[in-house]
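The values are calculated or read from the model by the stated rules, or taken from the named source; none is laboratory data. As the structure is a computational prediction, the values presented were derived from the model and not from experiment. Note that we place each Cβ from the backbone using ideal geometry, even for glycine, and neighbour counts take in every protein chain shown. Each accessible area value is taken on the protein alone, full model and side chains, heavy atoms only, with ligands, DNA and RNA left out. Shrake-Rupley method; radii C 1.70, N 1.55, O 1.52, S 1.80 Å.
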Amino acid sequence: MLGIFILLIIAMLLVVKFCKKTLKIVLAIIISLVALYCTILSIDRNRVTSFREPIFAVSSELREYENYSKEVYKGLGYRIEIDKVENQKIISSTMYFLNKVIAGAIE
């Protein structure tokens with residue numbers, strides 16, 4: 001993730017140095033939005049690996065079973081599944097980005 005931020009900073013510097021004014025504004029906005037999205041994804045990924053609920057994803061589905069429950073959160077392009085036992089303790093969390101697992105934790 002740090003490599004992506006370094007590439008975005010380099011891209012921003014190249015845009016400022018070599019582009020014309022209107023193109024510079026458009027590219028600066030696009031690079032800023034990509035940096036913001038990477039930050040959001042990084043924060044939720046960190047929370048998944050440390051057994052906490054995500055901040056930027058919205059709870060979309062709750063399935064309750066006899067001894068545990070499974071909650072599904074959806075964000076912009078990613079999905080988080082969290083398994084909890086009866087006392088609401090998180091025992092498993094998995095994060096999917098474009099239907100590929102990018103983070104997970106099992107207790």
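Per residue, how much accessible area does segment 1-51 have with a 1.4 Å probe, in Å²?
Roughly 71 Å² per residue, with all protein chains present.
Residue by residue through segment 83-88, what is 3J(HN,Hα) from phi via Karplus (6.51 cos²θ - 1.76 cosθ + 1.60, θ = phi - 60°)? Round to whole Hz and write x for glycine and proline.
Those phi angles translate into 9, 10, 8, 4, 8, 6 Hz.
Collect residues whose amide H, placed 1.01 Å from N in the peptide plane, falls under 5 Å from the amide H of residue 91; neighbours closer than 5 in sequence don't count.
Amide H neighbours of residue 91, under 5 Å, 5+ apart: 83, 84, 85.
Grab the other residues whose beta carbon is less than 15 angstrom from that of residue 68, score K and R as +1, D and E as -1, and report the net.
-4
If we count every other residue with Cβ under 15 angstrom of residue 58's Cβ, Lys/Arg +1 and Asp/Glu -1, where does the sum land?
-2
So if I take the alpha carbon set of the chain, get Rg, then get Rh from the Kirkwood formula, what is the Rg over Rh ratio?
Computed over Cα atoms, the ratio is 1.16.
Which ³J(HN,Hα) values, rounded to whole Hz and listed in residue order, are derived for segment 26-33 from phi using the Karplus coefficients 6.51, -1.76 and 1.60 in 6.51 cos²θ - 1.76 cosθ + 1.60 with θ = phi - 60°, glycine and proline given as x?
Working through the residues one at a time gives 4, 5, 5, 5, 5, 5, 5, 5 Hz.
Take the solvent-accessible surface of the protein heavy atoms, probe 1.4 Å, and return the percent of it on the chain that carbon and sulfur atoms account for.
Here it works out to 64 percent.
Please give me, ordered by residue number, the GluC sites (Glu not before Pro) of segment 63-94 that lie in loop per DSSP and have at most 10 other Cβ atoms within 10 Å.
66, 86
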